[in-house]
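For reference, the structure discussed in these notes is given below.
Values quoted throughout were computed directly from the atomic coordinates according to the rules given, and no laboratory measurement underlies them. As the structure is a prediction and not an experimental result, all values here were calculated from the model. Neighbour counts are summed over all protein chains in view; Cβ atoms, including those assigned to glycine, are modelled from backbone coordinates with ideal geometry.
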Amino acid sequence: MACELCDTPGGDMLWQDDLCRVVLVDMPDYPGFCRVILNRHVAEMTDLLDAERQRLMSVVFAVEDVLRRLMRPDKINLASLGNVVPHVHWHVIPRFADDAHFPQPIWAAPLRAGMRHAAPDRETLRAALVEALPPI
């Protein structure tokens, strides 16, 4: 069965190790939207070993921390759904009170025309992730 996250990077690659990768998602209304994607095909977090879960979540938290420092959003949304793509991945989404969907999830119907916020410079974001993510 084809899997979008096995067959493609899933976004603009910012960082990767042997377990997972961090990609920047191309959604102009949601600058800084990143995904943390497991490199191998696994459908559920409980299919991972404890050490793998801990490592994956340390990457998710590092991405959140970097985005908070660089963008100063009102909120960060963390989501791991997998209903459409059953491959372990986490969405890390900077949110602003004046975005089109706030306080609803970005996948809900828009509530208003949202204000655009500046995207972090890609190289600055990549460098901050490299610095923040502990080596294996």
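Results, tabulated for the structure shown:
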item	result
Cα Rg over Rh - the range 4-132, Kirkwood	0.96
19 Å reach of a label modelled at HIS41, 7 Å along Cα-to-Cβ, counting backbone N of the range 10-24	10-11, 19-21
Label-point separation, GLN16 to LEU78 (7 Å along Cα→Cβ), nm	2.4 nm
The range 39-136: GluC sites (Glu not before Pro) falling in loop per DSSP and having at most 12 other Cβ within 10 Å	GLU44
Integer Hz, Karplus 6.51/-1.76/1.60 couplings in order for the range 17-31, x for Gly and Pro	9, 6, 8, 8, 9, 10, 10, 8, 8, 7, 9, x, 6, 10, x
